[in-house]
Each structure stands twice: as structure tokens, then as C-alpha cells.
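Each remark here refers to the structure printed beneath this line.
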Amino acid sequence: MRKPAFLLILIWVLISQSTHSQTPLKMRDASVKGPQTFAIIMGVSKYKFVRPLAYADKDAELFRDYLKSPGGGSVKEENIFCLLNEQALNSNFWTKGFQWLRAKQLQKGDKLFIYLAGHGDAIDEDQFFFLSYDCNPEGDKNNYLVSGTIQLYNLKKKIAAETAKGVEVIFIMDACRTNELPGGTAGQNFLNTAISEKKAGEIIMLATGAGQESLEDVSIGNGHGLFTWYLVDGLSGVADDSLHRDNKVSFEEIKSYVDKNVPSVAQQRFRRKQDPYFCCNENSEKVISMVDTAYLSKWLKQKKQQPRRGGNSFAGERIRYTGVETIDTSLIETYNRFNQAVKTKKIAGASSAEDFFAQLNKKFPGNPYTLDAKSTLAVEYINEAQARVDEYLSCSEASARKKQANYQAGLRLQKAIDILQEDDPDFAQSLRGRMHLLKASGDLTNGENGDINTAFQHAWAAQAIDKNGAYIQNRLAQLHLENNRLDSAKYYAEKATRTAPNWRCAMLTLALVQNTANNKPDNKPDEKKKKPNTGTRKVQIGGVLGGGMSQLDATPVTPTANDRVFLRDVQNKLTYNLGLIAQINLGNLVSIRPSVLATMESSDYTFETRGITGGSTTEIVPVKTTTVSLPLPIIIRFSKKNISPFISAGPTFSLLMQKKDANAEKVGLTTSDILGDAGIGVDIGFLKSHLVISPELKYSRGLTSVKENQNTIYSNAINKINRQTFTFSVYLRAR
């Protein structure tokens with residue numbers, strides 16, 4: 001009879017022990033007397049919508065591992081919250097990260113590192129962002145307001161609250177890695193200037209000065225960013241002044257060491273300018289790290305052979321629990337059911353994540369398991385809502401089913417805001433614009449989401465939050481169009497295009513409003529007074545044939561003594577294109593001309609290979625490509641006559657079709673490219689045949705690099721490749 005009882009006890013112990021390792025939240029270790037060190041680390045190389053980076057995640061891992069090492073003070077794993085790549089979401093950073101930080105109850109004398117590596121950009125000097133994994137600006141910086149970003153102004157407020165308690169905060173950002181984001185060079189200027197000027201009492205270390213690019217390369221520590229590599233190198237002890245060595249690295253010493261090495265390496269090896277920024281001089285005597293001589297010796301021996309490691313960890317949630325108190329088995333059972341419901345995406349209804357969280361909150365309020373379930377539920381709500389907003393920003397067609405899903409996502413986002421309001425009102429407030437947008441985007445046909453007046457109320461509420469948000473100006477235009485208020489629809493559509501001129505969706509809404517206005521029955525003249533039919537249609541279909549010179553601007557990597565292969569020259573040949581067009585008249589003199597073109601191009605890349613024992617050989621690599629291009633130019637004519645000069649300008653989206661070409665793989669070409677076009681031409685109309693022939697001379701310039709690192713000796717010799725093309729094309733369409 002005792003055997004079954006023994007087995008029950010054993011099973012309970014095993015369940016209890018297995019759940020200890022799953023406890024997601026650990027409070028401050030009260031057994032440690034005196035100040036402690038903590039860190040929030042975020043590194044993103046893989047982006048869902050934005051151009052990826054090479055080593056930002058590995059830089060974050062390098063800094064994390066340094067802190068955990070004797071050289072960094074042997075910081076405990078549970079004192080480090082780390083988000084990398086797919087886990088580096090806006091929702092995880094604010095909800096999970098700052099729940100973790102509150103649990104640590106930082107005190108006077110504690111040290112907090114905040115380290116960010118990835119993309120950064122800005123709208124202006126007051127709105128600056130770190131881009132999280134799911135950021136989707138859709139080509140325009142204004143969309144950062146509702147895409148997946150870390151609003152650094154709000155982070156500064158968090159930092160100010162910690163420094164007010166006497167916590168020493170060290171803010172490190174290695175984020176200005178490209179100026180090809182929607183904010184461009186101006187955005188990079190705004191980003192670093194705003195961070196440095198809006199000080200919150202913290203020590204600041206930035207990878208670059210305003211407007212500069214933060215370099216990263218495989219040759220830096222076997223694949224790292226230049227700034228982070230020398231920062232960790234110096235903090236490990238190399239920066240300790242050899243003349244006054246005291247086994248301490250002060251702020252002044254690490255600043256001097258990084259300032260000495262990063263600009264010189266950037267100039268000598270990469271022919272670029274990179275000047276890190278450190279703030280401020282009053283911190284010059286502060287000790288940033290204590291040197292562990294044994295670790296320093298090991299670092300010096302191994303740093304050049306440091307192995308590459310993939311970066312895709314999420315160290316902020318699963319923290320090993322070492323407490324001795326007993327745990328209620330019903331708590332564990334409910335918590336596990338909650339996580340299973342989240343995993344299967346059963347969020348609402350009976351036996352759902354909401355249901356199990358309600359049980360936890362009722363029976364075990366304030367318990368670490370309950371707190372984690374609370375933040376996890378909020379993250380799920382936020383991520384679902386962000387995915388819906390991303391679809392809206394990409395101009396995805398909104399069916400009745402999608403509209404209904406939008407409204408329901410807005411309701412769940414409201415629940416997340418209610419959850420976050422007490423602990424993080426700033427983050428909760430930043431989500432309200434998205435919540436009102438989704439509620440204003442519901443299906444209004446069956447009354448389940450309210451009527452159009454309800455939708456307008458949510459739209460006005462969103463506009464009150466983001467007065468200059470193109471996302472809500474565009475939605476107001478759509479609502480007025482549904483309400484048959486064409487003047488108001490045109491007002492907001494034009495406003496959205498001025499606010500976000502690079503956002504395709506705003507342009508399409510404006511075109512739809514203008515087309516509706518032109519075809520409105522009330523605007524048509526009486527049949528008796530109707531003017532003679534000119535035969536001009538609003539949408540004119542036709543074709544295009546053209547050719548010209550395609551030139552690839554390939555920037556070679558500056559060769560070093562160890563390089564054997566480097567780029568000598570690129571010879572470009574003729575390009576040909578053939579396709580279909582649809583010219584859409586927006587007014588008497590303004591049109592848009594979306595096209596689908598098949599383009600054939602060829603280029604010869606000349607590489608020089610140095611022999612090991614001297615001498616060199618030359619190899620020509622011919623590359624032939626076939627692309628499908630989608631130009632979307634705006635056409636402005638100068639008269640209504642049959643012969644009318646015009647100018648054109650707009651973007652082209654290009655997709656490489658012949659990706660399997662062996663030489664294209666060698667050189668490393670991306671599958672997509674965005675170009676900017678500008679042209680001049682003339683419309684020549686033939687009244688009897690109702691045909692228009694339009695010769696045009698056009699110049700196109702690549703806005704993005706089409707170079708992709710295939711890790712071949714050829715692609716590694718090229719830094720970037722930009723396309724530029726001069727073409728003469730002839731368009732023929734029926735009007």
C-alpha cells in the first residue's frame with residue numbers, strides 16, 4: 001500500500017523540480033549585499049521588413065558575454081535581459097524587459113547597462129527611434145509612428161527615472177549602420193544629435209558622430225561592428241593606461257582608446273569616416289570596468305581566433321529559479337495550460353489564454369508566474385495588432401473578413417493598454433494611435449463594429465494623438481470617401497501625401513479619390529450641353545519598347561595585404577526593355593503610369609587575383625540578368641494640345657528573375673532593387689486613330705545596393721553595387 005503513495009510523491013517532486021527551471025521571473029537577489037550590475041541588451045541583424053545587417057546580433061552577444069566574464073565583473077545571467085533578432089520586438093522590449101527591470105528593484109549605487117545594436121533612424125530632432133525586428137516603415141519615415149520601433153524619447157524617460165534613484169546608467173548604442181533607411185542622412189543626423197542633446201543623467205557611448213555610418217565587417221574580430229569590438233577590447237583591460245596602470249578602466253580611458261582606434265581603422269581599412277561620441281566630460285574619472293588580469297591575458301591570446309557564433313537567443317524570459325519555497329501544483333498546472341494556449345494561438349474564449357490568466361490572477365495575484373502570464377498576454381495582443389497595422393501600411397486589400405479582424409485586434413490591443421497602464425503609462429500611450437486606427441478600420445456594413453460615426457470618432461482620437469501621422473490622415477480620407485464626402489476625402493488624401501510623400505498607399509488613396517470625383521455623376525454635364533467627345537479615357541492601356549546603357553557602379557572593397565582577389569573594373573553593355581503600361585489620368589495635366597517591364601542587361605566584371613608567390617592574373621566574369629521592373633512615375637504635361645512635352649518622376653521596384661545564373665551567384669546580386677526615375681519626353685497624338693506615341697529619355701538611379709554577400713571571393717571584393725541607366729523608350733497607347 002505504501003508503494004503507490006511513494007510513486008505519487010515522486011511524481012509530484014519531479015513535476016515541481018521540472019517547473020523550477022521554467023519560472024520566468026526572478027526578483028533581486030537579496031543575499032548579495034551592496035551594489036549590483038544589470039544589463040538590457042538588444043541586437044538585431046535579421047529584420048522582417050528592413051534591410052538586414054551582418055553582425056549586430058553578434059555584437060550584442062559579444063557585449064553580453066563580456067559582462068558575464070571575469071573581465072566584465074562576472075554579472076549573473078539572471079541580471080542580464082537579452083533580446084536578439086526575431087525576439088527583439090517592440091512588445092518584448094517594453095513589456096517583458098521593463099517587467100524584468102522592475103523585479104530587480106534597482107537601488108542607489110547599482111549600475112545598469114543599456115546596449116542597442118541594429119538600425120536607428122529619426123523623423124526629426126524630437127522623434128528618434130531604434131528599429132526592432134518587425135519594423136515596417138513602407139518606405140516613409142513618418143510610418144515609424146506606428147511601426148515596430150523603440151521610441152528612444154520614452155527610453156530616455158526611463159533612464160531619467162533610474163538616474164534619479166542614484167543608479168549609474170551607461171547607454172551604449174551601435175545603431176547608425178546605414179543611411180539607406182527612409183530618414184536618410186538627415187535621419188542619422190537627427191538620431192545621434194537628439195540622443196546626445198537630450199541627456200537624462202546617463203553616460204552615453206555612441207558608435208558614430210551625427211550623419212556617419214557605423215562600420216561592420218567580417219575582418220573585424222571575425223565578424224563584428226568596429227565600435228563594439230574596440231569598446232569591448234578596451235573595457236577588457238587594453239584601455240588601461242600603460243603609464244598609470246591601476247587595473248581600472250575609467251570613462252576617459254575607454255573614450256581615449258576607442259577614439260584612437262575606431263577613426264583610424266575606419267579611414268585606413270575602409271576609407272570611411274567614423275568618429276564615436278562619448279558623453280560627458282564630467283564622467284572622466286568614473287570607473288567603467290575593473291580589469292581582471294587573468295581574463296585580460298586570455299582575451300589577448302584568443303581575440304583574433306574568436307569563433308563566429310550565430311545570434312538568435314532570448315535570455316530575458318527563461319531564468320532558472322533557485323528558491324526553496326514550495327509551489328502550489330495548481331499554479332503550475334494553470335500556468336502550463338496558459339502557455340499551451342498561447343502556443344496554439346487560442347487567446348480568447350473558454351480554456352483560452354485569457355481564461356487561464358484570469359484564474360491565475362484571481363488565485364495567485366502578484367506571483368512571478370502570474371506576472372509573466374500577464375506580460376505574455378499583453379505581448380500577444382500587441383504583436384497581433386502590429387501585424388494588422390503592417391498590413392494596412394503595405395496597402396493590403398481589406399476584405400470584410402480582414403476588417404472584422406482589424407476591429408477585434410483593436411479591442412484586444414485595448415486590453416493590452418489596460419494591462420500596461422499602471423506599470424508603463426508611456427508605452428501604453430504610444431499604442432493608443434494603433435488601437436484607434438484598427439477600431440476605425442472595422443467592417444461597417446453589418447453594424448457589428450458600429451456605424452461610420454463610430455469609425456470617425458476613433459479616427460479623430462488617433463489624430464489627436466499623432467497630429468502629423470500620415471497613417472490616420474490616409475484613413476480619414478478613406479472614411480470620407482466611403483461617406484461620399486469627396487472634398488474632405490481629397491483634403492486628407494493630399495495631406496497624407498504631403499506628410500509621407502514616399503508612402504505608396506497614400507498616393508493610391510489620392511488617385512482613388514480623384515478618380516471617383518472625376519467620374520461622379522453630379523459632376524457630369526447635362527446631355528444637351530455636353531461637349532464633343534474627345535475620346536480621352538481615364539485609363540489608357542499600351543506598350544513600351546526601349547533600350548539604352550545600363551551602368552553598374554560597383555564600389556570595390558579596399559584591398560589589404562591579405563586579400564588575393566579584388567575588383568578592377570566593370571564594363572557595362574546595352575540594356576533592352578519591353579512591357580505593358582497603364583496611364584491613369586488624375587487630372588487634365590497630371591497622370592500616373594504604372595508599368596510592367598521585362599529588362600535584359602549584361603555586364604563584365606574584371607577581377608585581379610594576386611598569386612601567393614607574386615604576380616597576378618585577370619579574370620572577366622560576365623553577368624547577364626533578366627529583371628521584371630514595376631515603374632510608378634507621375635507624369636506632368638505642359639499643355640492639353642496633341643503635341644505636349646512632359647516630365648516624369650517616380651520610383652521603380654525591380655525584381656531579379658535570373659537568380660540561378662552562375663555568375664550572378666558569384667558576384668552576389670540581390671533579388672530586388674528600388675530605383676528613382678526622372679525623364680523628359682513628348683506626347684504626340686493622332687486624333688483619327690486615337691493613338692498617342694510618346695518618346696521619352698529617362699535616367700534611373702538605384703536607391704539601394706543590389707550587392708548581396710554570397711561569401712565568395714568575388715562578392716567579398718565588392719562593397720556595394722548601385723545601378724544607373726540611361727534609356728530611350730517609345731510608349732504607344734490608346735486614348
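Throughout, read-outs are computed from the coordinates displayed, never taken from laboratory work. None of the values given here were measured: they were computed from a predicted structure. When we count neighbours, we look across all protein chains shown, and the Cβ atoms used for this are built from the backbone with ideal geometry, even at glycine.
Under a straight-distance cross-link criterion of Cα-Cα below 16 Å, which lysines are reachable from LYS108, leaving out those fewer than 8 residues away in the same chain?
LYS33, LYS158, LYS165, LYS286
What ranking, highest mean first, results for peptides 638-644, 513-519 when packing means the other Cβ atoms within 10 Å averaged over each residue?
513-519, 638-644
Would you please put 464-472, 367-375 in order of how densely packed they are, using the mean number of other Cβ atoms within 10 angstrom per residue and starting with the highest?
Result, highest mean first: 367-375, 464-472.
Step through the table entries LYS48/LYS273; LYS363/LYS415; LYS156/LYS374, compare each Cα-Cα distance with 27 Å, and write down the pairs that go over it.
LYS48/LYS273
Arrange the following residues from fewest to most other Cβ atoms within 10 Å of their Cβ: TYR55, TYR407, TYR153.
Listed from fewest to most nearby Cβ atoms, that is TYR153, TYR407, TYR55.
What aspartates and glutamates does LYS111 reach when the alpha-carbon gap must be under 12 Å and sequence neighbours fewer than 8 apart in one chain are set aside?
GLU162, GLU168, GLU202
Counting other C-beta atoms within 10 Å, which of ILE150, ILE680 has the fewest, and how do the rest follow?
In order of increasing Cβ crowding within 10 Å: ILE680, ILE150.
About its Cα centre, how strong a charge dipole does the chain have in debye, to the nearest 20, once Lys and Arg get +1 and Asp and Glu get -1 at the Cβ?
Rounded to the nearest 20 debye, it is 1780 debye.
Applying a 10 Å radius around every beta-carbon, put 570-582, 69-81, 338-350 in order of their mean neighbour count, most first.
Descending packing order for the listed peptides: 69-81, 570-582, 338-350.
Determine which lysines satisfy two conditions relative to LYS495: a Cα distance under 20 Å, and not lying fewer than 8 residues away in the same chain.
Cα-Cα hits under 20 Å: LYS141, LYS467.
Output the lone cysteines of the chain: those with no second cysteine's C-beta under 4.7 Å from their C-beta.
CYS82, CYS135, CYS176
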